[in-house]
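Remarks on the structure that follows.
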Amino acid sequence: MSEAHKAELKEIYALLNKENSSGVITTEDLDAVMQQLGRRPSAEELRDMVLAADSEGSGSVDFQRFCRMMIRAEREQILRESFQRFDLDGDGVLSAEELQLALEETLEEEPDRATIQEMMQEGDPEGTGFISCANFMRMALKYQKDE
Ligand SMILES: [Ca+2]
């Protein structure tokens, strides 16, 4: 994480603590902070962020956990946008063909057949012939973790 990014997260965290007089971070608290920063997360994203931040149900969020939550939220946002861009026909799932084009764009070279087949198998465990957004994100987050 860059220093600038860390500073930004610190600022958000400070705002969040100021907003949050009850000692419990709610989606409203988070929404208020995000609005101040000019961001407009959806209700669903806010809920996910609070759930992710307070996974133990303690009702409070420390800075480290808050950073992890924000980084995760940002990564997921980027992946969701990538998925939408890769989903050329906009049917909400990736076909093998769309996956191939996505890989060509990402790797800047033509992926071999085996790689695509492997990824289709991993991203489509039910054998529907398509990769869902949830599976795409799960797969991508796993590869990012391994880096
Ligand atoms: Ca598609």
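What follows draws every value from the coordinates through simple rules; no lab data is involved. Since we're looking at a predicted model, the values are computed, not measured. Note: ideal-geometry Cβ built from the backbone for every residue, glycine included; neighbour counts use all protein chains shown.
When every Cα-Cα distance of the stretch 87-146 is counted in 5 angstrom steps from zero, the calculated P(r) takes the values 4, 20, 28, 30, 16, 2, 0 percent. Entry note, the stretch 83-147: relative contact order of 30 percent, from Cα contacts under 8 Å with a spacing of 6+ residues.
Quick one: putting +1 on the C-beta of Lys and Arg, -1 on the C-beta of Asp and Glu, what dipole do you get for the chain around its Cα centre, in Debye to the nearest 20?
840 debye
Relative to the dominant Cα principal axis of the chain, helix 3-19 is inclined by about 50°. Restricting the calculation to Cα atoms, every distinct pair contributes to the Kirkwood radius of the chain, found to be 17.2 Å. Each helix, a run of at least 4 DSSP H residues, gives -39500 (n - 2.57); summed and divided by the residues of the chain, these come to -22000 deg cm²/dmol at 222 nm. Taking Cα atoms only, the orientation of helix 133-146 departs from the longest principal axis of the chain by about 80 degrees.
When the chain is treated as a Gaussian network with alpha carbon springs shorter than 10 Å, the biggest mean-square fluctuation among 110, 28, 11 belongs to 110.
Here the Karplus curve 6.51 cos²θ - 1.76 cosθ + 1.60, taken at θ = phi - 60°, turns the phi angles of the stretch 76-83 into couplings of 5, 4, 5, 5, 4, 5, 4, 4 Hz, with x standing for Gly and Pro.
Rounded to the nearest 10 degrees, the angle from helix 43-53 to the longest Cα principal axis of the chain is 80 degrees.
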